[in-house]
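One structure is given here, and the rest of the page talks about it.
The values are calculated or read from the model by the stated rules, or taken from the named source; none is laboratory data. Since we're looking at a predicted model, the values are computed, not measured. Using ideal geometry, Cβ is built from the backbone for each residue, glycine included, and neighbour counts are taken over all protein chains shown. Please note that ligands, DNA and RNA were not included when accessible areas were found on the heavy atoms of the full protein model with its side chains. Shrake-Rupley method; radii C 1.70, N 1.55, O 1.52, S 1.80 Å.
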Amino acid sequence: MKLASRLDHIEPFYVMECAKAAAELARSPACAGSPMVFLNIGEPDFTAPPRVQDAAERAMRAGRTQYTDATGLLSLRERIARWYGTRFGLDVAPQRIVVTAGASAALQLACLALVNRGDEVLLPDPSYPCNRHFVSAADGTPVLIPASPEERFQLSAAKVEETWSARTRGVLLASPSNPTGTSIDPVEMGRIVAAVRARGGFTIVDEIYLGLSYDERFGHSALMHGDDVISINSFSKYFSMTGWRLGWLVLPETMVPAIERLAQNLYICASTIAQHAALACFEPESIAEYERRRGEFQARRDYIVPALNALGLRVPVMPDGAFYAWADCSAHAESSWDFSFDLMRRAHVALTPGRDFGLHGSERFLRLSYASSMEQLHLAVDRLRSALS
Ligand SMILES: Cc1ncc(COP(=O)(O)O)c(C=O)c1O
């Protein structure tokens, strides 16, 4: 059977091969006395807190399981809007919020609504691989712009202006970023939004790690720069609900009917049970728990980054958010791909090689996820130290 040509532009997710190999090795006799430490996984080791679990159970037992509006439960859209107000001091109308099946669906809807065949969209290199593939799936052309440690591995207004061509339609940013955990300075974000606006383009900012911030300078939403900014968000990370498949996007009000039409046709609505459960994320007890977890992530970051530097796995920019460290392994190996397999076999520590995240130097980098307990992080560092000495 002949497959559609857009698939030619959607590369395999190579890190899954690495993750599969780590899982296989973990089950083998080689790991019997020394279980694998998985620091390759991009999801919190925490689950939804008790109030959220109870709310899901209540919704299920009460039979509140029919389809919702394609834009999501109004009560949830209102609750999310209030969160922007209390947490970020932003006035976001609930009508501008569309609840989706994770940030992934939100990114897909935004790209399908805005990108025409051959349109170019600018992204930083390194960046989350699926983001460029959402552009390709909409028949657009992602343009990866190398971003240096001095630029916090992010795009700048100057680079956007320099790279903008007649075919460019917009930018797709992520702040904080996966794989680097670094954010765009709010002043620079304002400049980028202005540069894109002046060219009649769109700014999509993937803010899936919003809330997971460890530096006051950065923990802001790009929505502060205008109602034309499209912000992608999710219950997966700060709210620890990866498998519940729930997210949202904030849009200019005029775009909502188009996104609603796409959502109605593509998947009808996000999970109803997850939406009822997510209302409980904003109860004071749940927020207190999420904030406790944020403190825990920060403590892990403060331990793991100096430890990696001491091992010669240099982290060139201190991550200010999310739960990733992007470490240069060139002092030990030329290819992070081979090096990760080597560490997995010799040290029983699974890390993610940089290959998928970009085309300009990512091969030198490893991504470590500190979404694992402090105990596991200590164990990993001890094992890496022995393997590398
Ligand atoms: C930057 C970024 N965007 C989007 C996603 C997709 O998240 P979701 O689970 O909300 O679909 C991820 C998942 O890891 C991510 O890191």
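Figures for the structure shown
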item: Inverse mean reciprocal Cα-Cα distance (Kirkwood Rh) of the stretch 243-300, Å; result: 14.0 Å
item: Within the accessible area of the chain (1.4 Å probe), percent carbon and sulfur; result: 52 percent
item: Charge-dipole axis of the chain as Lys and Arg at +1 and Asp and Glu at -1 on Cβ define it, positive-most pick from F46, I268, Y324; result: I268
item: Length-normalised contact order of the stretch 209-319 in % [C-alpha pairs under 8 Å, at least 6 apart]; result: 19 percent
item: For the chain, accessible area per residue (1.4 Å probe, heavy atoms of protein chains only), Å²; result: 42 Å²
item: Viscosity 1.306 mPa s, 10 °C: Kirkwood-radius Stokes-Einstein D of the stretch 193-248 over Cα pairs, µm²/s; result: 127 µm²/s
item: By accessible area with a 1.4 Å probe, ligands and nucleic acids excluded, highest first: order of F13, F297, F88; result: F13, F88, F297
item: Heavy atoms of Y290 accessible to a 1.4 Å probe, total area in Å² rounded to 10; result: 0 Å²
item: Value of [θ]222 nm, deg cm²/dmol, for the chain, DSSP H segments ≥ 4, -39500 (n - 2.57) each, nearest 500; result: -12500 deg cm²/dmol
item: For G118, net neighbour charge (Lys/Arg +1, Asp/Glu -1) across residues whose Cβ lies under 13 Å away; result: +1
item: Coordinate range along principal axes, alpha carbons of the stretch 157-287, Å, largest first; result: 46, 39, 24
item: Per-pair calculated FRET efficiency, R0 = 35 Å: R27 and S389 via Cβ, rounded to 0.05; result: 0.80
item: Under Karplus coefficients 6.51, -1.76 and 1.60, residue-wise ³J(HN,Hα) of the stretch 226-239 in Hz, glycine/proline x; result: x, 6, 8, 6, 9, 10, 9, 8, 7, 8, 5, 9, 4, 8
item: Rounded D (µm²/s) - the stretch 50-281, Kirkwood Rh over Cα pairs, Stokes-Einstein at 4 °C, 1.567 mPa s; result: 73 µm²/s
item: Heavy-atom accessible area ranking, 1.4 Å probe, most first, across T168, T254; result: T254, T168
item: The stretch 223-273, Rg to Rh (Cα coordinates; Rh as Kirkwood inverse mean 1/r); result: 1.02
item: Relative pair counts by distance (%), Cα atoms of the chain, 20 Å bins; result: 28, 58, 14, 0
item: Full-stretch length increase - A113, I41 - with 0.36 nm per residue and alpha-carbon distance subtracted; result: 22.9 nm
item: Approximate spin-label separation A93-A299, in nm, with each point projected 7 Å along Cα-to-Cβ; result: 4.4 nm
item: Point-to-point label distance, K2-R64, nm (Cα→Cβ direction, 7 Å offset); result: 5.1 nm
item: For the chain, share of DSSP beta bridges that run antiparallel, in % to the nearest 5; result: 45 percent
item: Bins of 10 Å from zero: percent of alpha-carbon pairs in the stretch 1-82; result: 12, 21, 20, 30, 17, 1
item: Residue order for S183, S335 - accessible surface, 1.4 angstrom probe, largest first; result: S335, S183
item: Residues of the stretch 124-146 with amide N under 20 Å of the 7 Å Cα→Cβ point at F13; result: 124-139, 142
item: Positive minus negative residues near C130 (Lys, Arg vs Asp, Glu; Cβ under 11 Å); result: -2
item: Formal net charge of residues neighbouring G102 (Cβ-Cβ distance under 11 Å; K, R +1; D, E -1); result: +2
item: Contact order relative to length of the chain, as percent, for alpha carbon pairs under 8 angstrom and 6 or more apart; result: 24 percent
